[in-house]
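Below: one structure, written as structure tokens.
The values are calculated or read from the model by the stated rules, or taken from the named source; none is laboratory data. All figures in this text were calculated on a predicted structure; none of them were measured in a lab. Note that each Cβ is placed from the backbone with ideal geometry, even for glycine, and that neighbours are counted across all protein chains shown.
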Amino acid sequence: MTQQTRRDDRRPNEARLARRIEAGVVAGAVLAGRMTPADPVPEADLRALVADGCAARAELVAAHGGLVWLVVNPVANRTGPDRDELRQEACLGMLEAIERFDPARGCFATFALVRMRLRVGEAAATRLGALGLPAKRARAWWQVQTSRAALEASGRTPGVEDIARQSGLDAARVGALLGWRTTRPLTDEDEIALGEPAEERGPLVEELLQALDRDQRVLIAHRYGIGRKAAGSCAEVAQLLGVSEATVRRRERAALAVLRRAA
């Protein structure tokens, strides 16, 4: 059996799974009040469709689990970020692909690889957000660092113009990227507010804070003035932690989502 034949055999099953997933999404929207069906549908039937859609999504993911490492391993070998972190990004890319997949336009694997490589590539370029730069600028930053290292390895002390010629980037852009400060590691001084006695914060606040990881607790403490700290703006917290404002906003949204689930 040829590879093309195997792909063709998979497509009818992928189409069935896609229809089940779509039916589950629509049923969920009806249950949430975002859609109104033409004819009344019993709630039990809607919930069954939602459950079946989740099962179909899990089946589609399981059938393409090999794609995850196909995407992750080359990037991890080349750039060095944690494989498990990159694996999570690849899985998120696959889930995004599932939401957009149209079986009439081709096989799922081909479609999903694009989203997965995009997510993993951006995560690697930004060092999983630690660099504090958008993905496009992060790639340019690495290009500048690589060019500078190559020139220094040849025994030269390169200037901005030298690096610009080596990297093929504009000199002004190179200068700005060379001046970029990467994220500094958090220290115990950042956790002054978190060091307050639990009774001064109240049991509910203490319980919610424990749902966050260390970095999230520090950011929320600075952002909302927990303990003795005054609440800080996104710009102030970004400057304090050595990251971009966009990174602060993104991490804050993630932390608040954790807190909502914990509450």
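Which one is surrounded by the fewest Cβ atoms within 10 Å (Cβ to Cβ), of the residues in segment 81-105 that are assigned to a helix (DSSP H, G or I) and of a type in the set (D, E)?
Out of the qualifying residues, it is D84.
With out of contact with any strand residue (DSSP E or B) (no Cβ under 6 Å at 6 or more places or on another chain), crowded, with 17+ Cβ neighbours inside 10 Å and without any contact (Cβ under 8 Å) to a residue 24 or more places away in the chain as the only criterion, which of L17, L46, L60, L31 stands out?
L46
Examine segment 219-236 for a residue that is surrounded by 15 or more Cβ atoms within 10 Å (Cβ to Cβ), within 16 Å of the chain's Cα centre (by Cα), modelled with pLDDT of 75 or more and part of a helix (DSSP H, G or I), and state whether such a residue exists.
Scanning segment 219-236, I find no residue that is surrounded by 15 or more Cβ atoms within 10 Å (Cβ to Cβ), within 16 Å of the chain's Cα centre (by Cα), modelled with pLDDT of 75 or more and part of a helix (DSSP H, G or I), so the answer is no.
Which one is surrounded by the fewest Cβ atoms within 10 Å (Cβ to Cβ), of the residues in segment 139-172 that are among the basic types (K, R) and at pLDDT below 80?
R156
Check segment 173-186 and report whether any residue there is in contact with a Leu (Cβ under 6 Å, 6 or more places away or on another chain) and at pLDDT below 70.
Yes, that holds for at least one residue.
Given (1) small (G, A, S); (2) part of a helix (DSSP H, G or I); (3) at pLDDT below 90, identify the lone condition not met by G33.
Against the list (1) small (G, A, S); (2) part of a helix (DSSP H, G or I); (3) at pLDDT below 90, G33 comes up short only on (2).
Of everything in segment 112-128 that's surrounded by fewer than 20 Cβ atoms within 10 Å (Cβ to Cβ) and of a type outside the set (D, E, K, R), which residue is modelled with the lowest pLDDT?
The qualifying residue modelled with the lowest pLDDT is L128.
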